[in-house]
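Below is one structure; the comments refer to it alone.
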Amino acid sequence: MPLLAVLLLAAGTYAFRIAGPLLGDRLTVSDRVRHLLAVAAAVLLVALVATGTFTQGHDFAGWARPAGVLVAGVLVLRRAPFPLVVVAAAATTALLRLAGVS
């Protein structure tokens, strides 16, 4: 990536990040818009998790990775400690791959 593109992206990112504190008091947003923004953020997060779970490049990632994510999701819902969630998800994926499940 050319240096100019990197600098432009960095400047744009900084501008967006500084705009919040600078303009936060000047803009008023309705409760409906706040709700829609919260829902949009959740939808984007779910989309990122789904693409990271089910795809590798342009192909299906196999069943081991979604199984690990499922185990992590169940443990998160049961309020397990974060290190346990990560280790259990990784172990589930690794054991399934070791057993031959792609």
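Laboratory data are not the source of any read-out in this text; all were calculated from the coordinates shown. All values derive from a computational prediction rather than experimental measurement. A quick note on method: Cβ atoms are made from the backbone with ideal geometry, for glycine too, and the neighbour counts reach across all protein chains shown.
Per-structure values
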read-out: Cβ-Cβ FRET estimate between Ala99 and Ala41, R0 fixed at 35 Å, reported to 0.05; value: 0.40
read-out: Simple Cβ-charge dipole of the chain, Lys/Arg +1 and Asp/Glu -1, about Cα centre, in debye nearest 20; value: 200
read-out: Pairwise centroid distance, computed over Cα atoms, of the stretch 1-58 with the stretch 60-102, Å; value: 28
read-out: Sequence ranges 58-65, 18-25, ranked by mean other-Cβ count within 10 angstrom, highest first; value: 58-65, 18-25
read-out: Estimated vicinal HN-Hα couplings, Hz - the stretch 34-39 in sequence order (Karplus 6.51, -1.76, 1.60; Gly, Pro = x); value: 4, 5, 5, 5, 5, 5
read-out: Gaussian network model of the chain, springs between alpha carbon atoms under 10 Å - residue of Val71, Val33, Val49 with greatest fluctuation; value: Val33
read-out: Karplus (6.51, -1.76, 1.60) ³J(HN,Hα), θ = phi - 60°, over the stretch 10-27, in Hz, Gly and Pro reported as x; value: 5, 5, x, 5, 4, 4, 5, 5, 7, 5, x, x, 6, 9, x, 7, 8, 9
